[in-house]
Every structure is written in structure tokens, then in C-alpha cells.
Amino acid sequence: MIDAAAVAPGRTAPATQLVRVSRVEPAMGTMFTLVAHVDRERHAAELAALDEAAAWLHEVDDRFTTYAPQSEWLSWSRGEVDLDDAHPDVRHVVDRAAELTAVTEGAFSLTADPTRGPDPAAYVKGWAIQRAAELLVAGGADHVFVNGGGDIVVTRRHEPWHIGIQDPHDPTGLIGVIDIEHGAVATSGAYERGEHVIDAATGRPATSLASATVVGPDLGLADAYSTALFAAGEAGLAWFARVDDYGAYLVRPDRTKVVAGAIRVSRTEGSGPAAA
């Protein structure tokens with residue numbers, strides 16, 4: 001959903017204790033980067049966790065893609081499979097989408113685009129990345145970083161990660177850097193994929209914001225909230241104010257910003273490019 005760059009923390013654990021393992025995996029029409037710092041003695045176990053996380057991303061892609069006619073999601077949406085007979089993950093997504101539609105007063109909607117069938121992407125990708133990060137942690141990894149097309153989950157025991165948010169008006173620069181020790185960052189905008197976020201209230205592309213970034217403990221929800229805020233514009237801050245533990249960083253078309261909720265922005269434009 002977003003374009004964001006990760007700036008590695010200023011301090012890392014001693015090299016004698018941890019080694020860095022990483023993997024780049026294509027899925028869901030984008031590239032996923034999975035990074036973990038692991039104990040040298042458990043190196044093989046964490047590599048197995050990377051395999052498990054990558055396999056999970058492909059499983060979600062196969063189940064929820066809207067580009068393969070026989071995916072389980074499309075079979076359900078066409079009425080060919082009853083929800084009770086579908087995989088439990090399908091029910092989870094349907095139920096969570098209904099909750100998100102209620103919380104966002106309709107700004108999040110599986111059917112926002114009147115030209116398409118139900119599309120779960122605004123929740124599913126973030127949810128899948130969140131679970132991939134949890135699989136790495138469960139496998140014993142520390143200092144985890146998982147990035148899927150700019151949607152990011154991090155864990156950290158020492159200093160914060162610094163996540164750079166791309167300037168929606170300049171693909172070579174940043175418009176802000178968010179400090180986060182443990183959690184998720186998601187941004188929605190039209191600057192790379194075009195006008196793909198639809199305002200459910202009008203059925204037309206959302207245009208009132210240049211980008212909407214959300215930070216919080218869970219990437220599935222952060223992804224959904226960022227999409228809903230981008231769709232609703234600043235009017236969405238009314239319902240967002242009732243969401244606990246999440247913060248928002250909105251960029252208007254004139255480059256001015258609005259900051260709301262639980263979020264720390266350490267730098268703004270002029271920060272320079274970020275290094276992963």
C-alpha cells in the first residue's frame with residue numbers, strides 16, 4: 001500500500017552474539033523483505049522460520065488473490081463456497097472487514113470500487129505481513145523487520161527503528177521519519193499505483209490527501225486504517241480519534257501535514273534518502 005524506507009537503528013547487538021539473516025520473496029504482486037537478527041547457535045532454526053514465513057505469504061496470496069479465478073476468496077465472493085465451508089482465514093477476513101467498516105463509518109469497504117467485486121487487499125496484505133513477523137519471532141528471531149511493498153512490521157529491544165515516509169510529491173525524498181520500537185507502519189497514497197483507493201461514499205478515486213500513514217501495534221489494522229483515512233480525507237479523523245493505540249500522519253496536496261494520535265515523527269522533509 002505504501003512507499004516507505006527503513007533506516008536501520010543506530011546501535012545493534014554485538015556481532016559476537018547475533019547474525020543477520022534475510023530473504024527477499026516475491027508474492028502478492030510485490031516484493032517482501034524479511035530480516036532478522038538471530039543467535040549464532042540457533043542460525044538453522046531461524047532460517048527455517050524464514051522459510052515458514054515465506055510459505056505463509058504464498059498461502060495467503062493463493063487464497064485471497066483477486067487475479068486467479070479459482071482462488072478461495074473469489075469462489076466465496078461468487079457464492080460458490082459457503083462461508084462455513086471456506087478456510088477459517090476467509091471467515092476471519094470477512095468478519096474483520098465488517099468490524100473495520102463499522103469502526104471507520106464506512107470508509108473501509110470491501111466493495112468501495114463499484115466496478116469490482118469484494119477486494120480484501122487493504123487488510124489482507126498487512127495482516128499477512130504481521131503474521132510473517134510473528135512467525136519469525138516464534139522461531140527465535142530478534143530485531144525483526146518485514147517489509148511488503150512498504151508496509152512494515154518491526155520488533156526491537158534497544159533503540160527505535162526509524163521508518164522514512166516517502167514524499168508523495170518527490171519519489172527520491174522523504175517527507176517524514178517515524179520512530180518506532182515495536183509495531184507497524186502503513187501508508188496509503190496514489191503517487192505510485194495511481195488512483196487505486198476508492199472513496200466508498202462517492203465510488204470515485206480519493207483525492208483529498210496526498211498520503212496517509214498510520215502507526216500502531218498491528219499491521220493489518222494499520223493498513224486498513226491508512227486506506228480508510230486516505231479514502232475519507234481529514235473527515236476521517238473524527239472516527240480515528242476513537243481508535244486506541246494508533247497514530248496518523250496525513251499529508252495534504254499542498255504538502256502541509258496533520259498529525260493525530262500515538263505517533264512520533266523525528267524529522268520532516270529534507271531528511272534525505274533513507275538507507276535500508
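Please compute the volume of the convex hull spanned by the alpha-carbon atoms of the range 89-167 and report it per residue in Å³.
137
Show me, bin by bin at 5 Å from 0, the whole-percent P(r) of the range 227-270 based on Cα pairs.
5, 20, 32, 24, 14, 4, 1
Identify, among Q70, V259, A186, the residue whose Cα sits farthest towards the positive end of the charge dipole of the chain, taking +1 on the Cβ of Lys and Arg and -1 on the Cβ of Asp and Glu, with the dipole about the Cα centre.
In the chain, that residue is V259.
Once Lys and Arg get +1 and Asp and Glu get -1 on their Cβ, which of W239, A206, H143 lies farthest toward the positive end of the dipole of the chain?
Positive-end residue among those listed: H143.
According to the Cα gyration tensor, what semi-axes, each the square root of 5 times an eigenvalue, does the equivalent ellipsoid of the range 87-223 have, listed from largest to smallest in whole Å?
Taking √(5λ) for each Cα gyration eigenvalue gives 26, 21, 11 Å.
Report P(r) for the range 161-259: all Cα-Cα distances, bin width 10 Å, range 0 to the bin holding the largest distance, values in whole percent.
Result returned by the calculation: 17, 52, 29, 2.
Of all accessible surface on the chain at a 1.4 Å probe, what whole percent is carbon and sulfur?
With neighbouring chains kept in place, the figure for the chain is 50 percent.
Ratio of the range 139-215's C-alpha Rg to 2.2 N^0.38 Å, to two decimals?
Its radius of gyration relative to the 2.2 N^0.38 Å reference: 1.29.
May I ask you to list the chymotrypsin sites (Phe, Trp or Tyr not before Pro) in the range 153-239 that are in a DSSP loop and have at most 11 other Cβ atoms within 10 Å of their Cβ?
none
Note down the magnitude of the dipole of the chain about its Cα centre, charges +1 on Lys and Arg C-beta and -1 on Asp and Glu C-beta and zero elsewhere, to the nearest 20 debye.
800
Run through all the Cα pairs of the range 14-130 and give the fraction in each 5 Å bin from 0, expressed as whole percent.
Per 5 Å bin, starting at zero, the Cα-Cα P(r) for the range 14-130 comes out as 2, 10, 18, 18, 15, 12, 9, 7, 5, 3, 1, 0 percent.
Taking every pair of Cα atoms in the range 33-94, average 1/r, invert it to obtain the Kirkwood radius, and report Rg/Rh to two decimals.
Checking Rg against Rh, the ratio lands at 1.19.
222 nm [θ] for the chain, helices only, -39500 (n - 2.57) per DSSP H run of 4+, per residue, to 500?
-9000 deg cm²/dmol, from helical runs alone.
Of all alpha-carbon pairs in the chain, indicate the percentage at a distance above 34 angstrom.
It works out to 17 percent of all Cα pairs.
Provide the per residue accessible area, probe 1.4 Å, for the chain, rounded to a whole number of square angstrom.
Accessible area per residue: 44 Å².
The values are calculated or read from the model by the stated rules, or taken from the named source; none is laboratory data. Source: prediction; values computed, not measured. Note: ideal-geometry Cβ built from the backbone for every residue, glycine included; neighbour counts use all protein chains shown. The area values use the complete protein model at the heavy-atom level, side chains included, leaving out ligands, DNA and RNA. Shrake-Rupley method; radii C 1.70, N 1.55, O 1.52, S 1.80 Å.
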